[in-house]
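For reference, the structure discussed in these notes is given below.
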Amino acid sequence: MDRLETMTILDKIAKKINKRYKNLTNGRYTKLTNCEILEDLYRIKPYDLVKKTFVIQKRDKIQNTNFLWVQVQMCVRNRDCIKTIEEVIRNERSYVLN
C-alpha cells in the first residue's frame, strides 16, 4: 500500500464501502476504519499480506532534512508467506554517522 497506484485503487474501494457505513449512531457519524476497509478488500480480492508505511506524527523531522520518522505496519492474512520470525533490536544511536 505504499505505491500510488495501489492507494488510488484503495481510495475508490473505500469510497464505495463508506456509503454502507454512513449510518448515524447516537447522533454521531460512524467512521469507516482501516480494519473494515481491509476486511472488505479481502472479500473482493483475497491477499496474503498488506504492508503500509505510516508517518509517526509525534516526531519532528530529522534535523536539517525533510525526512520524516516512519513505521512500517503489516497485516498478514496467510501465515504461510512468513519464512522466518526473529526479534530485531536496533539502537537508534548505532545509525548516527560520525
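Structural remarks
- The three principal axes of the Cα atoms in region 33-81 give end-to-end lengths of 44, 25, 14 Å, sorted in falling order.
- Here the gap between residue 78 and residue 16, fully extended at 0.36 nm per residue and compared with their Cα-Cα distance, gives a gain of 19.8 nm.
Any read-out appearing in this document is the output of simple, stated calculations on the displayed coordinates, not a laboratory observation. Note that the structure is a prediction, hence the values are computed from the model and not measured.
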